[in-house]
Each structure stands twice: as C-alpha cells, then as structure tokens.
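Visitor: Here's a structure for you.
Just so it is clear, none of the values below were taken in a lab; they were calculated from the coordinates. Bear in mind the structure is a predicted one, so any value in this text is a computation, not a measurement. A quick note on method: Cβ atoms are made from the backbone with ideal geometry, for glycine too, and the neighbour counts reach across all protein chains shown.
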Number of protein chains: 2
Amino acid sequence: MKIDPDSTVDLSAQIAKAIRDAIIAGDLIVDQRLPSEAELADHFEVSRPTVREALKRLAAQSLIRTQRGATGGAFVNRLRFEDAYAQQVTTSTLLLSMNAVSFDVACEARYALERACAPLSAQRRTPDQLATMRAEIHRQSQPGLTDEAFCASDVTFHRALVDGAGNKVLSYQLAGAVEAMQPLMNMITFTARSREAIVALHTDIADAVEAQDAPKVDTTLIKLEAYTRELAHSVVTARAERAANKETKPA
Amino acid sequence: MKIDPDSTVDLSAQIAKAIRDAIIAGDLIVDQRLPSEAELADHFEVSRPTVREALKRLAAQSLIRTQRGATGGAFVNRLRFEDAYAQQVTTSTLLLSMNAVSFDVACEARYALERACAPLSAQRRTPDQLATMRAEIHRQSQPGLTDEAFCASDVTFHRALVDGAGNKVLSYQLAGAVEAMQPLMNMITFTARSREAIVALHTDIADAVEAQDAPKVDTTLIKLEAYTRELAHSVVTARAERAANKETKPA
DNA sequence: TTACATTTTAATGTCTGACATTTAATCTGG
DNA sequence: CCAGATTAAATGTCAGACATTAAAATGTAA
C-alpha cells in the first residue's frame, strides 16, 4: 500500500483509496484489524490527523468500524445488506432531487424493476410477507391518514412485495428505487377517491400474489403505474393552472 | 443544526449527520458554500480537526467537494449519476463477496433486472447503442481473448442493452447489479464452445433489439441466464471433483 | 483457589496552535 | 490599461498533548 506525496490529491484521500483497494482486492479480510493510527501514520509517513481523516472516509462508506480501548482499533467491516440499504436510499434520493429527474422517468424505473420481482414474489412469498401486505392495505383504508403516512404505508407494502422474491440482491437494488420515490410521491395529494382506487389495486395485487398468479400481478402493477402517473400529471396540471391564475389576477 | 456533546457517538459522525440531513432536507442547496471549517468549529463548539473529519465523511459520499484558496471552502455537491455509479459498483461488489451470496442468487437478480429493461430497450435503443452491442459481439468472437477481457466485453454489451432503455435511473440501478457480477463471472473458464454459444445468444439479442422484438429479447435473455448458470455449475462440479481427487490420491 | 476490585496499558477521541499551500482579489508600477 | 507583485482567506498538514475507553494484568481478601 503506497501513496504519492507529490500528487495534488489530498493525502487522506490517497490513503483511503489505498486501504479501500486492499479491501476490495481481498488483501484485508473481514474482521481483520488494521494497524493502529500511529502505525499507519508511520507507514504512510504522514501525521495521525491525516490518517484519521482517511479512516473516517472509509467509515462513512461502512468499510471499516472502529473500537476504542486496549484491544481496539479499526476493523474491516462485513458490509451488510441492511447497512447498504441506507446508503443506497440516501444516494438514490439525492440523485433524483438534484438531477431534475422527471416523475415519469423515476416512476417508469421503479415499476419496471418492481415488475421484475413480481413473478418471483408470486411464487415464493412467505405467509409473513403476505400478511404484511394485507396489514398495510388495511392501514391505507383508514380515513384520517395523512398523505405522508399513506405514502409510508405504500412503501412498506411494495417492499414486502419485493422482499417476497426472497432474493437479497434484488431487495437491496429495489430499496433505493422504491424509497427514493417517496419524496416525489409525497407531492401528490391523495383524495379519498384516489386512495380508494389505489387500495383496490393493492388488494388485487395481494390476491394475485396469494393465488401465485404472476401474470395477474404483472398486469395490475401496470395499471397501478398508469394510475400513479395520471395522479401526478393532474397535480402538475393543477399547479400550472394556479400559477396562471396568479399571473393574470394580481395587478 | 445541532449535536449532543454528551452522546457516546463520535462528534465528527454527529456533525456529518447534521450536515447530511440539512442537505437531504434541502436546507443546503447545490453549490451552496458551507461555513468555513473555523466557523463550523465555532458553531458546533468543537475543534477544527473534528470538523474536518466530519467533512471528509461527507466528501467520501460525494455530498460535498472542497476547494482551496481565497474563495475556497466546502460546497454542496451536485450528485451526478456517474459519481454514484462508482460507489454503487463498489458497494455491490463488496456485498456479494462478503455475504456469501451464491452465484444463482446474484445471477437471478441480475437477469431479472435486465429483463425489466429489455422491453424498453427494444423500443428506444439508439443506433449508437445497437452499434456498441454489435462491436462487442465482434470482439467476443475473436480468438485469443482472455477470460477477463471476454467478461469485460460482456459487461459492456449488457450495459449497452440496459442503457438502451434511455432511463438514467434504470441504468444507475443496473450498473451495480451487472458490474458486481463480473468478479463472479471471472471464475468461469470460457471454453471455445461456450463462448460460441454465448456469442450466438448475444447475436440473437442484438437482432431482436434491432427488430424491436421485445418478447424475443426476453426469451433469449432467459436462455442466456439458464446457460450462464449451467456453466457456473459445471465449474463448481469440476472443482469439487478435483478436490475429491486431491483427497484420495496423495498418501 | 477463586472471586472480585484495582491498576495498567494500548488504543481511539479530542484539543490547541502552528505552518504550508493554494487561489482569488487587490494593489502597484509601467 | 495591463502585467506582475502582494495580500488575504481558505484548506491541507503537522506535532504534541490530554481525555476517554475497555480489555488485560495484577493484586487482595474470603
């Protein structure tokens, strides 16, 4: 593991890269202890604060964890799916909000991916996952629910559907797509009638999943996607109209 | 933005979280300059090295960038899809290698996602993307190619297929799934005959995409998935046999 | 001998203060 | 008006110190 002191790149970034590459290459294995900060400082011929900045970079990516005390130090972290979810969701959310991704594009991606899971989920879903879907449908039917709570329940419902595929890699990939959509979905005002329509479609999906009817799940998801887009467009239209009124009225 | 000095959590982690939350909430907008390190140290009532560790954590997630000099400082970064790809690939790769994800599970996820893109790609692919697919098929047909180069070309081919959907969010999500598989694929030894079979399937896919025949793309991808799994299983079997011989022969 | 309390020790976490380096803005002389 | 020198403000780096934590080693009494 070497760095170039003459490079214009931050020393701490170089050190982080060197260690990260070693982890990816398998030279440092899970739960292995890195040298102490003082030893790393010696090795790379830099000061301890610089080493610490490098280690914090790696910690931010969940590549290492640190422990204080006599037998403490920095250890290569076993990257867990649960840890990766959070980062995936954060990153996806910011990508959507910072890159002017249209609702349509995000929606299309989300449902395309979800439909990829659906056949597997219809086949393999556990009773527990089915129960979660039913429970969320019930929650969504209750009046007085805020739009945010409705959306959150929607996310839980769809995550149960995705998790039903019983493939952790799929669940991980989908976590970002589904949850990152939530802020966009929150812009939609769900009227009583639109909630009713969504709950009806959710029920169809749960029924089809219970009956292991994959094609039915697929067609219902297509309907749900179309309806979601329709709702979003009506929001955009209403907003445009309000803006137009505002422009003409005051004078 | 506040932190709790009595918490057992690292101060730098708390500060990073406070700033990250502010970015996600939109309180800090793209390209906005954060206060200087000295000002942040004052604000949070910590020392400058602690603030710096927090900023390095955020930099590791591409949430901020720093600039030296008179008008320098830390700026909220516009998270780009290209930046996110790299992290996505790194994370996915480590997830697979550290969590004993079986080839079958990873393969299933990859092809399920890829098939989600295929219909869109058949419909929208540009001539350029089609040309990339053809070029990679040609490369894959050349004898003397190393297994690694063959795999790399395979990745490029499939990325062109995925990008053909013309949906950046889909491409981003797929980047991790497709590229993270590469180390696993590299374990497979591609014989002349298996390469021939794969090239034939790739050609079928390219033809179907050119003809905008979505169902044909789908069925061919299913065949390709089956064949890929078959190859992987034969590798595992061969390895097990070698191990068995090794156990009985030497004495 | 064993169980418990104490001390030691090795590591990370944090602080202070200083200097180096970079870069844009400002000043200055032609 | 322009080119070069100067200045100022920020990040990058360093050295050394102390605080805190937690495990291991040690000591002590039943």
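Visitor: Apply the Karplus parameterisation 6.51 cos²θ - 1.76 cosθ + 1.60, with θ equal to phi minus 60°, to every residue of region B:223-230 and state each ³J(HN,Hα) to the nearest whole Hz, in sequence, with x for glycine and proline.
Guide: Listing the rounded values in order: 4, 5, 4, 4, 5, 4, 4, 4 Hz.
Visitor: Starting from the alpha-carbon convex hull of region A:82-248, give the projected area averaged over all orientations, in nm².
Guide: On the way: hull surface 39.8 nm².
Mean orientational projected area (region A:82-248, Cα hull): 9.9 nm².
Visitor: Okay, moving on. For a footprinting-style exposure proxy, rank B:93, A:191 by other Cβ within 10 Å, fewest first. Spell out each step's value before the answer.
Guide: Details: B:93 19, A:191 11.
So the ranking, lowest neighbour count to highest, is A:191, B:93.
Visitor: Note the per residue figure in Å³ for the convex hull of the C-alpha positions in the protein assembly as shown. Before the final figure, lay out the partial values.
Guide: Details: hull volume 114.9 nm³, N = 502.
Measuring per residue, one finds 229 Å³ for the Cα hull of the protein assembly as shown.
Visitor: Next question, about the same structure. For residue A:193, go 7 angstrom from Cα along the Cα-to-Cβ vector, then report the distances to that same point in the other copies in nm, smallest first.
Guide: With the label placed 7 Å along Cα→Cβ, residue A:193 yields 6.5 nm.
Visitor: Can you work out the Karplus-derived ³J(HN,Hα) for every residue in region B:121-126? Use 6.51 cos²θ - 1.76 cosθ + 1.60 with θ = phi - 60°, whole Hz, and x for glycine or proline.
Guide: After applying 6.51 cos²θ - 1.76 cosθ + 1.60, I find 5, 4, 7, 10, 3, 8 Hz.
Visitor: When a footprinting reagent is the concern and you count Cβ atoms within 10 Å, what order do B:159, B:242 take, fewest first? Provide the component values of the computation, followed by the final result.
Guide: Numbers: B:159 19, B:242 10.
Result, fewest neighbours first: B:242, B:159.
Visitor: Classify region B:107-159 from the C-alpha gyration tensor, please: rounded if a/c falls under 1.5, else prolate or oblate depending on whether a/b exceeds b/c. Don't jump to the answer; show the numbers that get you there.
Guide: Values: a/c = 3.65, a/b = 1.38, b/c = 2.65.
It is oblate, given that a/c is not under 1.5 and a/b is not larger than b/c.
Visitor: Work out the P(r) tail for region A:14-64: percent of alpha carbon pairs separated by more than 11 Å, whole number. Mind showing how you got there, number by number?
Guide: Values: 858 of 1275 pairs.
Pairs farther apart than 11 Å: 67 percent.
Visitor: Within 12 Å, Cβ to Cβ, of residue B:178, how many net charges do the neighbouring residues add up to if Lys/Arg are +1 and Asp/Glu are -1?
Guide: Working: positive: B:110, B:159; negative: B:114, B:154, B:163, B:179.
Net charge in that neighbourhood comes out at -2.
Visitor: A further question on this structure: Enter the mean number of other protein chain beta carbons within 10 Å of the beta carbon of each residue in B:162-169, as an integer.
Guide: Numbers: counts 0, 0, 0, 3, 2, 7, 7, 18.
Taking all residues of B:162-169 together, the mean is 5.
Visitor: For peptide B:92-100, compute the average count of partner chain beta-carbon atoms within 10 Å of each residue's beta-carbon. Provide the component values of the computation, followed by the final result.
Guide: On the way: counts 6, 2, 11, 9, 2, 5, 9, 9, 0.
Neighbouring Cβ atoms belonging to other protein chains average 6 per residue here.
Visitor: State, to one decimal in nm and shortest first, how far the label point of residue B:128 sits from each corresponding label point in the other identical copies (label point: 7 angstrom along Cα-to-Cβ).
Guide: Result for residue B:128, in nm, nearest copy first: 4.7.
Visitor: log₁₀ I(q)/I(0) of region B:169-251 at q = 0.19, 0.22, 0.25 Å⁻¹, via Debye over equal Cα point scatterers, no solvent, to two decimals?
Guide: Normalising to I(0) and taking log10 leaves -0.99, -1.16, -1.24.
Visitor: Evaluate peptide B:57-67: per residue, the Cβ atoms of other protein chains within 10 Å of its Cβ; return the mean as an integer. Before the final figure, lay out the partial values.
Guide: Numbers: counts 7, 3, 8, 13, 7, 2, 4, 0, 0, 1, 0.
If you average over the peptide's residues, the count of other-chain Cβ atoms is 4.
Visitor: Which angle from 0 to 90°, rounded to the nearest 10, does the C-alpha axis of helix A:147-163 make with the longest principal axis of chain A?
Guide: 70
Visitor: Compute the label-point distances linking residue B:146 to its equivalents in the other copies; points lie 7 Å from Cα along Cα→Cβ; give nm, one decimal, shortest first.
Guide: 5.7
Visitor: Then there is this: Report the relative contact order of region B:106-202, percent, no decimals, based on alpha-carbon pairs under 8 angstrom and at least 6 residues apart. If you can, show how the numbers build up before the last one.
Guide: On the way: 90 pairs, mean separation 37.9, N = 97.
Once divided by the residue count of region B:106-202, the mean separation gives 39 percent.
Visitor: Can you sort A:6, B:147, B:163 so the residue with the fewest Cβ neighbours within 10 Å comes first?
Guide: Least to most surrounded, the residues fall as A:6, B:147, B:163.
Visitor: Can you tell me, using C-alpha contacts under 8 Å and at least 6 residues apart, the relative contact order of chain B as a whole percent? The partial results should precede the final answer.
Guide: On the way: 266 pairs, mean separation 45.7, N = 251.
Taking the mean separation of contacting Cα pairs over the length of chain B, I get 18 percent.
Visitor: Related question: Could you tell me how many degrees, from 0 to 90 and to the nearest 10, lie between the Cα long axis of helix B:127-141 and the main elongation axis, the longest principal axis, of the Cα atoms of chain B?
Guide: Result, in degrees: 60.
Visitor: Still on this structure, I have one more. Tilt of helix A:192-210 relative to the longest C-alpha principal axis of chain A, in degrees (0 to 90, nearest 10)?
Guide: Taking Cα atoms only, the helix is inclined about 70 degrees.
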